[in-house]
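For reference, the structure discussed in these notes is given below.
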Amino acid sequence: MGKLKKYKMKTHSSSKTRFWITGTGKIMRRKLGVNNMRRKKRGETLRQMTGKVAVSPHVVKRLRRLMPYA
């Protein structure tokens, strides 16, 4: 018998679709409130909501646990 294999951790499925890891290791997320009442919002407001934002530092530790191989 050879060596026993160690357990592998599973990546959280919804986290891998909702968050992006940059080349420098920062975790990015989508801006909030884009789809809710979109027709009432000004075009300027909608343009400000495009793009991604860095995740708050206190949430990063939790996300690293959910995505161990990212």
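The values are calculated or read from the model by the stated rules, or taken from the named source; none is laboratory data. Because the structure is predicted, anything quoted here is derived from the model rather than measured. Heavy atoms of the whole protein, side chains included, go into the accessibility calculation; ligands, DNA and RNA do not. Shrake-Rupley method; radii C 1.70, N 1.55, O 1.52, S 1.80 Å.
Working note: Karplus 6.51/-1.76/1.60 with θ = phi - 60° gives segment 53-70 the couplings 10, 5, 6, 4, x, 6, 8, 4, 4, 5, 5, 4, 6, 6, 10, x, 9, 8 Hz, where Gly and Pro are set to x. Divided by 2.2 N^0.38 Å, where N counts the residues, the Cα radius of gyration of the chain comes to 1.59.
Rounded to the nearest whole Å², what accessible area per residue is found for the chain with the 1.4 Å probe?
Numbers: 6620 Å² over 70 residues.
It amounts to 95 Å² per residue over the chain.
Sequence-ordered 3J(HN,Hα) estimates for segment 9-15 from the Karplus curve with 6.51, -1.76 and 1.60 and θ = phi - 60° stand at 7, 8, 7, 5, 5, 6, 5 Hz, glycine and proline given as x. For segment 10-51, the fraction of C-alpha pairs more than 11 angstrom apart is 72%.
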